[in-house]
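A.B. asks: Below you'll find the structure I mean.
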Amino acid sequence: MQYSTFAAIDIGSYDVILEIFEISKKQGIRSVDKICHRMELGKDTYTLGKIRPEMEEELCRVLADFVRIMEGYRVDAYRAMASSAISEAANSLYVLGKIRQLTGLSVTVLSNSEQRFLGYKALAAMEDNFNKVIEKGTAILDLDGGSFQISLFDKDTLVSTQNLKLGVLRLRESMNFLNASLSQYRNLIGEIVESQLSVYKKLYLKDRVIENLIIDT
């Protein structure tokens, strides 16, 4: 049976992931390996506005290891993607250049709209009834370290999508900035989230009825 091997690399806010896929006409797409390395790039970006040299070096070491794994699988093609943890860093071009120089990988930085589009395509591919579900009022919540995206679908159409900077890492760094104690976390986070959600409800939700809720993490 003929098949090709594809690798996907995701450089996120709090982890870097490599997943290897086998693709064949008979079996379609099948995941054969997945490696996840925890590193909080978003902590640097959202707090300092840039990625520190130590974090750059760790990222390059991890990606170099990924390249060796890809070579072991004889990968035919790959795509490496990054989002806000890289794009919002003041030294993003330098970091991307260093990755290219030390690992040979070319990393594509996704815009928010590109990231969400790929997320919706993945959901549709995994869920056979996706198109039928979004015929009625449906909200998709996409949670990551940097943001909280709310997308509303109705009658099989995307009605609105809004990015709220309420990701786990951003909220944690907000608590550190405020010098909040652990006992204060719950109330303060509740106030921050409720403040942004109340504005969102007034502007976008209004009288819309949500019958389905899909959470993507």
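A.B. asks: When the residues of region 181-208 are narrowed to those that are out of contact with any Asp or Glu (no Cβ under 9 Å at 6 or more places or on another chain) and not in a helix (DSSP H, G or I), which ends up farthest from GLY137 (Cα to Cα)? Even if it seems obvious, please write down each step before you answer.
C.D. replies: Initially, region 181-208 is screened for residues out of contact with any Asp or Glu (no Cβ under 9 Å at 6 or more places or on another chain), giving 181-207.
Then keep just the ones that are not in a helix (DSSP H, G or I); that gives 181, 206-207.
Values: SER181: 39, LYS206: 13, ASP207: 11 Å.
Looking at the filtered set, the residue picked out is SER181.
A.B. asks: Let me ask something else. Please indicate, with yes or no, whether at least one residue in region 23-44 is among the basic types (Lys, Arg), in contact (Cβ under 8 Å) with a residue 40 or more places away in the chain and assigned to a loop (DSSP other than H, G, I, E, B). Steps first, please.
C.D. replies: Start the filter on region 23-44 by keeping residues that are among the basic types (Lys, Arg), which leaves 25-26, 30, 34, 38, 43.
Retained after the next criterion (residues that are in contact (Cβ under 8 Å) with a residue 40 or more places away in the chain): 43.
Those still in the list that are assigned to a loop (DSSP other than H, G, I, E, B) too: none.
No, that holds for no residue.
A.B. asks: Could I ask something else about it? Cβ contacts < 6 Å: first residue among the hydroxyl-bearing types (Ser, Thr, Tyr), restricted to region 144-155; second residue surrounded by fewer than 19 Cβ atoms within 10 Å (Cβ to Cβ), any location; separation 6+ or different chain. Result?
C.D. replies: The qualifying pairs are SER147/ASN163; SER147/LYS165; SER151/THR161.
A.B. asks: Might you check whether a residue that is among the β-branched types (Val, Ile, Thr), modelled with pLDDT under 90, farther than 18 Å from ARG79 by Cα and surrounded by 12 or more Cβ atoms within 10 Å (Cβ to Cβ) occurs anywhere in region 50-59? Please lay out each step first, then the result.
C.D. replies: Step one: filter region 50-59 for residues among the β-branched types (Val, Ile, Thr), giving 51.
Checking which are modelled with pLDDT under 90 leaves us with none.
Checking region 50-59: not a single residue is among the β-branched types (Val, Ile, Thr), modelled with pLDDT under 90, farther than 18 Å from ARG79 by Cα and surrounded by 12 or more Cβ atoms within 10 Å (Cβ to Cβ).
A.B. asks: If you don't mind, another one. One residue is enough: does region 176-188 have a residue meeting the conditions surrounded by 15 or more Cβ atoms within 10 Å (Cβ to Cβ) and modelled with pLDDT of 75 or more?
C.D. replies: Yes: region 176-188 contains one or more residues that are surrounded by 15 or more Cβ atoms within 10 Å (Cβ to Cβ) and modelled with pLDDT of 75 or more.
A.B. asks: Given the conditions (1) hydrophobic (A, V, I, L, M, F, W, C); (2) surrounded by fewer than 16 Cβ atoms within 10 Å (Cβ to Cβ); (3) modelled with pLDDT of 95 or more, which single one is not true for VAL75?
C.D. replies: If we test VAL75 against (1) hydrophobic (A, V, I, L, M, F, W, C); (2) surrounded by fewer than 16 Cβ atoms within 10 Å (Cβ to Cβ); (3) modelled with pLDDT of 95 or more, just (2) comes out false.
The values are calculated or read from the model by the stated rules, or taken from the named source; none is laboratory data. Source: prediction; values computed, not measured. Ideal geometry is used to build each Cβ from the backbone, glycine not excepted, and the neighbour counts take in all protein chains shown.
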